[in-house]
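S.K.: For reference, the structure I am asking about is given below.
The values are calculated or read from the model by the stated rules, or taken from the named source; none is laboratory data. Keep in mind it's a predicted model, so treat the numbers as computed, not measured. Cβ atoms come from the backbone with ideal geometry, glycine included; neighbour counts cover every protein chain shown.
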Amino acid sequence: MKLAIVTTSYPAYLKDFYNKNSGLAQRSFADQKAALDYDGFGWADFWSRALRPYGYEAKEFPINNEPLQRAWALENGLANPASIDLHEIALRQIETFKPEILWYDHHDDMLLEKIRFHAPSNRLVLGWVGSAIPGNNAFQFIDLILSCAPESVRRLQAAGFRSLHLNHAFESKILDRLKRREKEIDCSFIGQIVPYQEFHSQREQILQELSAKIKVEIFSPSGNLGWKEEAKATGRLFLHDLVKLARNIGVPESVLGGLPVISRAAKWPSRPVKPVTSKLKHILKPAVFGLEMYETLQASRVSLNIHADSSPTHASNMRLFETTGVGTCLVTDWKDNLPELFEPDREVVTYRSAAECAEKIKWLLDHPTEREAIAKAGKDRTMIDHSFLKRAKQLDEIIKQSL
């Protein structure tokens, strides 16, 4: 069964990745895809590998990766491969692949409508959202929306959409690719800090309180922003929110696409990063992605997890499984469903306030034997219950029930 996964990557990651791999952008599609998959950013090729034993031929289509997509266009004889629209390339890729199932991890409803037209072989369209549900007109063309966040599933179902819960997972093959480093970081936090309602306002507040009590090394895209970038980000935020408002009140995509500046904002795959408070700005480190992120997690004695504001009651993000998967002690905010995922204070450590978090981190740093026992138990649990292979079995069951 053929499954096409249509997705995007953070622009900041793509810029960082190609800067660090000089000359890769001029190489073949296969070479670029192999290098990206090996780096393990996001889902990479984890789903396609995990679904193979269940009879799937799955392919990822990272449609905003310009060097990769233009390489495909050149190799497949498309006219004007250096200037053709990236969405047109995606349409041709999917038309060529002839999927029976489409997994659409994107927001553009016009593109999805075109994909459905160009892929008559398709029998099922899956969608994906995290805990924050975007103003997304694409939902009307999706048969079943999957989400890692139970809160999102309930909200989508209440809005009349078919939605089911599917947790994130960890790919154990990542472990063979990591450069072994000593545990040189006492406590790390890796992630976005977008101080905006439903995003990371609580995260920013907790990090402020913690940084006054203990040393936390924070690796975030917000750390890459200078004053010029901050001014630009503020403008981009305004445009993004204007587009979101327009979509929410029913402005057609055709209208948005015809406006010079708005049309570009309408194609952004994610919300731009809002400048972080000056109270944290001076201690932020540049973002880490892919293998570098996993290596940073592995080099941490303790790594901190703080869910987005849109996950007030349930643990659901990727960091739960990435941190435990590499064998690092995870300290995460308490959520009602956490005992279903990990045994609190044996496999992971939980907190309900910044003060409790600081106290527990200090204790863990002072008790290395106990800390490493928790880290090992967390890793063992992830390998048993939270692998991509196990999630693939669940996804296969969902697909078969939906067809």
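S.K.: Within segment 24-47, which residues are under 22 Å from the mean Cα position of the chain (by Cα) and surrounded by fewer than 19 Cβ atoms within 10 Å (Cβ to Cβ)?
M.R.: In the first step, residues of segment 24-47 are kept if they are under 22 Å from the mean Cα position of the chain (by Cα); the result is 32-47.
Across segment 24-47, the qualifying residues are 34, 35, 37, 38, 42.
S.K.: Can you name the residue in segment 306-333 that is over 18 Å from the mean Cα position of the chain (by Cα) and farther than 20 Å from residue 188 by Cβ and is also modelled with the lowest pLDDT among such residues?
M.R.: This residue is 312.
S.K.: Which ones in segment 104-116 are over 19 Å from residue 59 (Cα atoms) and surrounded by fewer than 18 Cβ atoms within 10 Å (Cβ to Cβ)?
M.R.: Matches in segment 104-116: 110, 113.
S.K.: Shifting gears a bit: Every residue in segment 346-370 that is under 18 Å from residue 319 (Cβ atoms) and out of contact with any Phe, Trp or Tyr (no Cβ under 7 Å at 6 or more places or on another chain), please.
M.R.: 347, 349, 354, 361, 364
S.K.: Let me ask you something else. Scan segment 87-110 residue by residue and report those that are of a type in the set (Phe, Trp, Tyr) and more than 23 Å from the chain's Cα centre (by Cα). Please lay out each step first, then the result.
M.R.: Residues of segment 87-110 that are of a type in the set (Phe, Trp, Tyr), as a first pass: 97, 103-104.
Matches in segment 87-110: 97 only.
S.K.: What pairs come up if the first residue lies in segment 4-26 and is over 21 Å from residue 103 (Cα atoms), the second is in a helix (DSSP H, G or I) and of a type in the set (Lys, Arg), and their beta carbons are under 9 Å apart, counting only those six or more places apart or on different chains?
M.R.: Every condition considered, the pairs that remain are 25/70.
S.K.: Could I ask something else about it? Which residue is farthest from residue 208 (Cα to Cα), if the candidates are limited to segment 326-362 and must be of a type in the set (Ser, Thr, Tyr) and surrounded by 15 or more Cβ atoms within 10 Å (Cβ to Cβ)?
M.R.: Here is the first cut: in segment 326-362, the residues of a type in the set (Ser, Thr, Tyr) are 328, 332, 350-351, 353.
From what's left, surrounded by 15 or more Cβ atoms within 10 Å (Cβ to Cβ): 328, 332, 350-351.
Details: 328: 23, 332: 16, 350: 18, 351: 16 Å.
Only one residue tops the list, namely 328.
S.K.: Taking into account only those residues within segment 363-403 that are touching a strand residue (DSSP E or B) at 6+ places or on another chain (Cβ under 9 Å), within 20 Å of residue 45 (Cα to Cα) and of a type in the set (S, T, N, Q), which is surrounded by the fewest Cβ atoms within 10 Å (Cβ to Cβ)?
M.R.: Going through the qualifying residues, I end up with 387.
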